[in-house]
Amino acid sequence: MADRFDVPDEAQMINECLPALALVRMRNAKFKRPRPAGGKITEIVLHDTDSGTTKYANTVNYLANPGDGRSVSIHYIIGRDAGEILAMVPEEMVANQARSHNDYSIGIELWRNHKQYGYTAWQYDAVSQLVFDIRRRHGIPRDNVVGHGSFEKSRPPQEPEGFEWSRLDDDLDRLQARVKAFDPRFAL
């Protein structure tokens, strides 16, 4: 796990090596709670949001404050278009996104609607940079980056549906090389 670094050095690394993170904006989600005392973040859970709506903004509004009695939330959501990346629950808080895994995981939604399959180049770039940074800051091993369907029996086992895990691995390897060349202190 990375130690605390000089903020200007870390900010420069993010701007040069993980530029999608500079685009993250905050949208507060209603449903969140503190992590258990001494709770450590050990897992990243990827989801796909097949919301049935054709508007990213509608899904964001729903996840911010569901009006249907469900208390769902997510740490991050990545839309299909460049620049669509929001933090909705601070990482130090629990989001209601993965049932029994909530207390020790960070959840990332990849947005699509029921007519769109696969993920855009922007989504792969953004999710790989976000996963790299979360792993770096929390010391999370690669094997602990999982799909929601890998443990939640009510979900399709392949969720996120159609996600190219090998592409994520290749992207993470490239990011590791880029960050290590920038400054080895920030590498995994």
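The values are calculated or read from the model by the stated rules, or taken from the named source; none is laboratory data. What you see is a predicted model, and the numbers here were worked out from it, not measured in a lab. Cβ placement follows ideal geometry from the backbone for every residue including glycine, while neighbour counts extend to all protein chains displayed.
Structure data summary
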| read-out | value |
| --- | --- |
| Selected residue [within 16 Å of the chain's Cα centre (by Cα), part of a helix (DSSP H, G or I) and either at pLDDT 95 or above or not hydroxyl-bearing (S, T, Y) (or both)] from A29, A57, A11, A22 | A22 |
| Subset of the stretch 117-154 [of a type in the set (D, E, K, R), more than 20 Å from T42 (Cβ to Cβ) and modelled with pLDDT under 95] | K153 |
| Unique residue being of a type in the set (D, E, K, R) and over 22 Å from L175 (Cα atoms) when the list is D125, D103, D133, D81 | D103 |
| I74, sole failed condition from (1) surrounded by 15 or more Cβ atoms within 10 Å (Cβ to Cβ); (2) among the aliphatic types (A, V, I, L, M); (3) out of contact with any Asp or Glu (no Cβ under 8 Å at 6 or more places or on another chain); (4) over 22 Å from Q176 (Cα atoms) | (3) |
